[in-house]
Amino acid sequence: MAVTFYGMAGPQSTMFGISHANIVSKLNRRNWKTKAGCRIRPDGPIYITIQRGEKSSEGEEMEVHYLVKGVFVDVAVVYEKKFPTLPEALAFANGEDGAEISLETRPPEGPHEYPAQTGGEVVISGMSRTEQGLVPNFSVQFREEFSEEE
C-alpha cells in the first residue's frame, strides 16, 4: 500500500488558522515551508500553501511532489495541484506560469484584501479506562476568533 507523507504542519497551515503574519507577497525557495501566499478572485481571497509530499510503499520512496493548495475563506479547497518540482509549484502558486490560478486571480493590493484572520481549532476530549479499553466521554471543539484590534 502506498502512503504519502507531508511532514509536520508549518505555522501557515490552515489547521492552525489564518494569520496575516504568515502571508507574504511572493512564495520562494526560502519561505514556502513557513509562509502562505494570497491571490484575489472576484468572489474573495484565496490562501495558498505548498507542502512537500513523499509517496512510499513498504519503506521504498516512489515519488516526491509538491502540493499547492488554495483555500477560499470558508476553508473550501479551490485549487489543489501536484507538481514534480518546487520551481513549478512556486510558479503556479505565485500566478507566474500562465495556468488557471494566474488567469482567474490577481495579487492582493495590500493586507486589507487578505482573508479574515481565524484561530485554529482546538479539541478537548475526555476518556475513561474500562475493561474494554479507553472509552471517550466527551469532546468539546473551540475555534479562536480574532477581533478587529488584532
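For the chain, what is the mean residue ellipticity at 222 nm derived from helices alone (per DSSP H run of n ≥ 4: -39500 (n - 2.57); sum divided by total residues; nearest 500 deg cm²/dmol)? Theoretical 222 nm ellipticity from helices: -2000 deg cm²/dmol. Counting lysine pairs in the chain that sit 8 or more residues apart in sequence, or on different chains, and whose Cα atoms lie under 16 Å apart gives 9.
Mean sequence separation of contacting Cα pairs (under 8 Å, at least six apart), scaled by the length of the chain, corresponds to a relative contact order of 21 percent.
Just add up the charged neighbours of Cys38: K/R +1, D/E -1, any other residue whose Cβ is under 15 Å from the Cβ of Cys38.
+1
Extending 7 Å from Cα along the Cβ direction at Met62 and again at Glu113 yields two label points whose distance is 4.1 nm. Computed from the C-beta positions of Arg52 and His20 and an R0 of 25 Å, the FRET efficiency is 0.55 to the nearest 0.05.
Residue order for Asp97, Asp43, fewest other beta carbons within 10 angstrom first, comes to Asp43, Asp97. Taking chymotrypsin sites (Phe, Trp or Tyr not before Pro) as exposed when DSSP calls them loop and at most 16 other C-beta atoms lie within 10 angstrom, the chain has its longest site-free stretch at 7-145.
The ranking of Ser25, Ser102 from fewest to most other beta carbons within 10 Å of each one's beta carbon is Ser25, Ser102.
Relative contact order of region 1-41, please, whole-number percent, based on alpha carbon pairs below 8 angstrom and at least 6 residues apart. Relative contact order, region 1-41: 34 percent.
Consider the candidate values (i) 1.27; (ii) 0.92; (iii) 1.06; state which one is Rg/Rh (Cα atoms, Kirkwood Rh) computed from the structure displayed. Computed from these coordinates, Rg/Rh (Cα atoms, Kirkwood Rh) corresponds to label (iii).
We did not get these values from a lab; they are worked out from the coordinates using the rules stated. This one's a predicted model, so the numbers in the text were calculated from it and none came from an experiment. In this analysis, Cβ positions are derived from the backbone assuming ideal geometry, glycine residues included, and neighbour counts consider all displayed protein chains.
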